[in-house]
Structure formats: C-alpha cells, structure tokens
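Report on one structure; see the data block that follows.
Readers should treat all values here as calculations from the given coordinates under stated rules, not as data from a laboratory. All values reported here derive from a predicted model rather than from experimental measurement. Please note: Cβ atoms are built from the backbone with ideal geometry, for glycine as well, and neighbour counts cover all protein chains shown.
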C-alpha cells in the first residue's frame, strides 16, 4: 500500500470518528433538551468546527478514489487519450487549488494564533481548526500532483490516470 493511500485512509478514519462523535453529541444534546431540560452549551459551535475539519479530512481519500463529480456531457464522445489528458489537467488544477487552500489556511491559522481568536460561546481556539485542516489539504495537493503526472493510479485501478 502506497504511503499516500495510508495517509488518506487515516484522514478518512479520523473524519469518520469526528463525525460519529459529533452525531453522539447532537443526540445527547437533543435528548437532554427534550427530556431533562438541560442543554450542552456550544453544541452548534462544535458541530460547525467538526464538520469543517471533517470535510478537509475526507478530501485526500476522495481525490485518491477519484470520487469527485465529473460531468462528461462534453467529453462523452471524446477519445480515451483526450479523456486521460483532461483527467490529468483536472488533477493538476486540483493540486493547485488544494495547495492554495493549504497555504491560505495555514496563514489563517497563524493569524488566529496571533489574535487568540476563538468561538463565541466556548472560546474554542480557531487556530486549532486551521492547524487540523492544513495537513489533509496539503496531502490532497500531493495526491493530485502524483495523479497528474501519472505516478499514482486511482485506488482500485490497475493503470495510472
């Protein structure tokens, strides 16, 4: 198993665990609110934080699996060579976008650290969320680059893109 696949799988598992924890917290909050007249303060803040982080954590696996939406309306009658070239161009574009997102998210985290910003109710530090998002975004960029140059096939595929 390639190192990128292991890292992408780890990110996806972490995202799944994070979403499971948030689901359990939401259930506890709803039950507490309706049955015991008790609430979990900041549950919506934690849900937003965890969801944003989970999306970033799922990106490497989605790219590795080539799980993004592809509209082949214009390329349905194209040759396989043209389709491969467009797929590689798409991977290169994805690499550029993910690298840009990782860079800007990193700068946002540094800024949040400097300003010591946090969520409104709980004061959860914003920089922690940014710091958690940068590695999976950077990993997605690396996977995309390798797929663009044809060195890393899509998972479950015998041939590179």
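Key figures
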{"item": "Förster radius 25 Å - calculated FRET efficiency between residue 75 and residue 100, Cβ distance, rounded to 0.05", "result": "0.45"}
{"item": "Rg over Rh, two decimals, region 49-92 (C-alpha only, Kirkwood Rh)", "result": "1.14"}
{"item": "GNM flexibility winner over the chain from 120, 98, 59 (Cα, springs under 10 Å)", "result": "120"}
{"item": "Amide N proximity, region 1-36 versus residue 124 label position 7 Å along Cα-to-Cβ, cut-off under 17 Å", "result": "14-30"}
{"item": "Relative frequency of Cα-Cα separations exceeding 25 Å in region 3-148, percent", "result": "43"}
{"item": "Modelled FRET efficiency - R0 25 Å, residue 111 with residue 55, Cβ distances, 0.05 increments", "result": "0.75"}
{"item": "Length added when fully stretched, residue 44-residue 88, from 0.36 nm per residue minus Cα-Cα", "result": "11.9 nm"}
